Amino acid sequence: MSGKDLKSMTLEELWELFPITLVDPRAEEWKRSYLKEEKTLKAICHGLLERVSHVGSTAVGTIKAKPIVDIIAEVADGALERCAALLEENGYIVMSRAGDRISLNKGYTRPG
């Protein structure tokens with residue numbers, strides 16, 4: 001890939017850089033990862049979050065899954081942009097915005 005940053009890459013480029021793989025269940029590892037990230041999110045967006053939930057295949061814990069912990073963080077009314085800005089200041093990358101939804105990633109880097 002060229003020197004593009006992650007936010008400007010197409011889905012095809014992102015899939016090439018981060019291929020989708022499935023792994024055997026790692027329920028305890030995924031739960032620990034989620035709990036650690038939940039704590040981080042609550043610390044960064046203190047008072048702005050209504051609810052944080054572990055979602056997706058790693059939340060099931062008993063099936064093969066992409067080794068990526070997906071989280072939905074619901075924010076208080078009017079707090080979406082402020083919370084997103086705080087997360088960006090703390091290393092999260094805004095990947096997309098659509099209406100009242102912002103998708104952020106953490107842990108992905110240009111080298112893969």
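Odds and ends about this structure:
- Projected label distance in nm at residue 50 and residue 68, using a 7 Å step from Cα toward the beta-carbon: 2.6 nm
- Rounded to whole numbers, the Karplus 3J(HN,Hα) couplings from phi for segment 77-92 are 3, x, 9, 4, 5, 5, 5, 4, 4, 4, 5, 4, 4, 10, x, 7 Hz, using 6.51 cos²θ - 1.76 cosθ + 1.60 with θ = phi - 60°, and x at Gly and Pro.
- Apportionment of accessible area to carbon and sulfur, the chain, percent (1.4 Å): 53 percent
- Over all Cα atoms in the chain, the spread is summed up by Rg and Dmax: 14.9, 40 Å.
- Solvent exposure ordering (accessible area, 1.4 Å, most first) of 70, 24: 24, 70
- Overall Cα dimensions of segment 1-43 - principal axes, largest extent first, Å: 36, 31, 13
- Relative contact order, percent, segment 6-88 [alpha-carbon distance under 8 Å, six or more residues apart]: 33 percent
- Note on segment 19-80: Lys pairs 8 or more places apart or on different chains, Cα atoms under 19 Å apart, count 5.
The values are calculated or read from the model by the stated rules, or taken from the named source; none is laboratory data. These numbers were taken from a predicted model, which means no experiment stands behind them. When we count neighbours, we look across all protein chains shown, and the Cβ atoms used for this are built from the backbone with ideal geometry, even at glycine. Heads up: the accessible areas ignore ligands, DNA and RNA and are worked out on the full protein's heavy atoms, side chains in. Shrake-Rupley method; radii C 1.70, N 1.55, O 1.52, S 1.80 Å.
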